[in-house]
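> Dumping the structure here so I can ask a few things about it.
The values are calculated or read from the model by the stated rules, or taken from the named source; none is laboratory data. The structure displayed is predicted, hence computed values, not measured ones. Virtual Cβ from ideal backbone geometry, glycine too; neighbours counted across all protein chains shown.
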Amino acid sequence: MRPIDDAPVTRDGKTLVLAYDHGIEHGPVDFDPQPESADPEHVFEVATHPAVTSLAVGKGIAEAYYPSFEDDVSLLAKLNGTSNLWMGEPDSAVNCSVEYAAEELGAESIGFTVYPGTNCEVEMFEEFREVQENAREYGLPVVMWAYPRGQAVKNDTSEEAVAYAARLGLELGADVAKVKYPGSEEAMEQVTRMGGPTRVIMSGGSKTSDREFLESVKSVIDAGGAGLAVGRNVWQRENPKRILDALEKVIFEETSVDEALRAAPPEA
């Protein structure tokens, strides 16, 4: 049995990861226009919302803040990441081990980025193999950030590229594959088929309007996807609770977008 099948990081078989690895990946620009989002304590408080099944952060943030929230937040330890100051071929430095994440941080799941199609693919696949096998020893589910990149990838959100990413999640042993949205529910159906028993979740991406964002999430759920990993579309908003209330309706209750928006009306 895969660890995800009996994990506390899911709810009714669905997943909503609140991602907060942006400080290393993108830097301060991602914390605008809401400066409080640069404060990890604020985001940990957002992650106590019942819709959030886990919070993805790196080692340093987990060390500094998770002890105060371990009773209310499930920690997904993101083990690799590289700044966007790096100008080489897409790659991602390994910054934490599974052993440290499990024994010192108290992580309940593991996250790891893989960039298929880059010149670093072989190295990254080998690194993922070690992470996946070590995570199995600790009984921790593994979420693969599966993002095709490199010279051979002309469109990283095409159905073909995203379906390939989901399939690699299955082939390499990920419990969950976090992929880009391929643009339509029909395309997402092909993506989830390629993932097989590996649960496929959508990457939230840059902040968009409430309706546009929720409609893409709804199409993922209707296509058989398991949920969402989202950062900026939640903590860049003035009222993160409102959008999480709506996401709870769409992902876990499978309501319409209109119903979700009615249940979480804008503040007066």
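> I want to confirm something. Restricting to region 13-50 and keeping residues that are among the polar types (S, T, N, Q), modelled with pLDDT of 85 or more and touching a Phe, Trp or Tyr at 6+ places or on another chain (Cβ under 8 Å), which single residue is surrounded by the most Cβ atoms within 10 Å (Cβ to Cβ)?
So in region 13-50, the residues among the polar types (S, T, N, Q) come out as 15, 34, 37, 48.
Of the ones still in play, those that are also modelled with pLDDT of 85 or more are 15, 37, 48.
If we keep only those that are touching a Phe, Trp or Tyr at 6+ places or on another chain (Cβ under 8 Å) as well, we get 37, 48.
Values: S37: 22, T48: 13.
Here the answer is S37.
> What helices (runs of 4 or more DSSP H), lying completely within region 152-268, carry at least 2 residues that are among the polar types (S, T, N, Q)? I'd like the intermediate steps shown before the answer.
Working: elements: 159-172, 185-195, 210-222, 232-235, 240-252, 257-263.
Per the criteria, 185-195, 210-222.
> Identify all residues within region 95-131 that are among the hydrophobic types (A, V, I, L, M, F, W, C), within 22 Å of E171 (Cα to Cα), touching a Gly at 6+ places or on another chain (Cβ under 9 Å) and not in a helix (DSSP H, G or I); write none if there are none. It would help to see each step written out before you state the result.
Within region 95-131, the subset among the hydrophobic types (A, V, I, L, M, F, W, C) is 96, 98, 101-102, 105, 107, 110, 112, 114, 120, 122, 124-125, 128, 131.
So of that shortlist, the ones also within 22 Å of E171 (Cα to Cα) come out as 98, 110, 112, 114, 120, 122, 124-125, 128, 131.
Checking which are touching a Gly at 6+ places or on another chain (Cβ under 9 Å) leaves us with 114, 120, 128.
Scanning region 95-131 gives V114, C120.
> Could you check region 20-68 for helices (runs of 4 or more DSSP H) lying wholly inside it with 1 or more residues that are of a type in the set (K, R)?
Numbers: elements: 22-25, 40-46, 59-65.
Output list reads 59-65.
Okay, residues lined up against (1) over 25 Å from L55 (Cβ atoms); (2) surrounded by fewer than 17 Cβ atoms within 10 Å (Cβ to Cβ):
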site: A107; (1), (2): no, no
site: C120; (1), (2): yes, no
site: F125; (1), (2): yes, yes
site: R129; (1), (2): yes, yes
site: A163; (1), (2): yes, no
site: G173; (1), (2): no, no
site: Y181; (1), (2): no, no
site: M188; (1), (2): no, no
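> Checking the condition modelled with pLDDT of 95 or more and under 18 Å from W145 (Cβ atoms), which residue from T53, T10 passes? Quick ask: steps written out before the conclusion?
On the way: T10 fails: modelled with pLDDT of 95 or more.
Only one candidate passes the filter, namely T53.
> For region 151-161, enumerate the residues that are more than 23 Å from K207 (Cα to Cα) and surrounded by fewer than 18 Cβ atoms within 10 Å (Cβ to Cβ). Write out each step before concluding.
Let us first name the residues in region 151-161 that are more than 23 Å from K207 (Cα to Cα), namely 151-154, 160.
If the condition is that a residue be more than 23 Å from K207 (Cα to Cα) and surrounded by fewer than 18 Cβ atoms within 10 Å (Cβ to Cβ), then Q151, A152, K154, E160 are the ones that fit.
> Do you know which residues across region 73-111 are over 18 Å from the mean Cα position of the chain (by Cα) and among the basic types (K, R)?
Of everything in region 73-111, nothing turns out to be over 18 Å from the mean Cα position of the chain (by Cα) and among the basic types (K, R).
> Return a yes/no flag: does region 63-74 have any residue that is within 13 Å of S109 (Cβ to Cβ), crowded, with 20+ Cβ neighbours inside 10 Å, out of contact with any Phe, Trp or Tyr (no Cβ under 7 Å at 6 or more places or on another chain) and of a type in the set (V, I, T).
Taking every residue of region 63-74 in turn, none turns out to be within 13 Å of S109 (Cβ to Cβ), crowded, with 20+ Cβ neighbours inside 10 Å, out of contact with any Phe, Trp or Tyr (no Cβ under 7 Å at 6 or more places or on another chain) and of a type in the set (V, I, T).
> Return the residues of region 131-150 that are without any contact (Cβ under 8 Å) to a residue 60 or more places away in the chain, in contact with a Pro (Cβ under 6 Å, 6 or more places away or on another chain) and buried (at least 23 other Cβ atoms within 10 Å of the Cβ); say none if nothing qualifies.
If the condition is that a residue be without any contact (Cβ under 8 Å) to a residue 60 or more places away in the chain, in contact with a Pro (Cβ under 6 Å, 6 or more places away or on another chain) and buried (at least 23 other Cβ atoms within 10 Å of the Cβ), then P148 is the only one that fits.
> Starting from region 187-200, keep only residues that are farther than 20 Å from V17 by Cα, then list their pairs with residues that are assigned to a strand (DSSP E or B) whose Cβ atoms are within a distance under 9 Å, requiring at least 6 positions of separation or different chains.
These pairs meet every condition: M194/V200.
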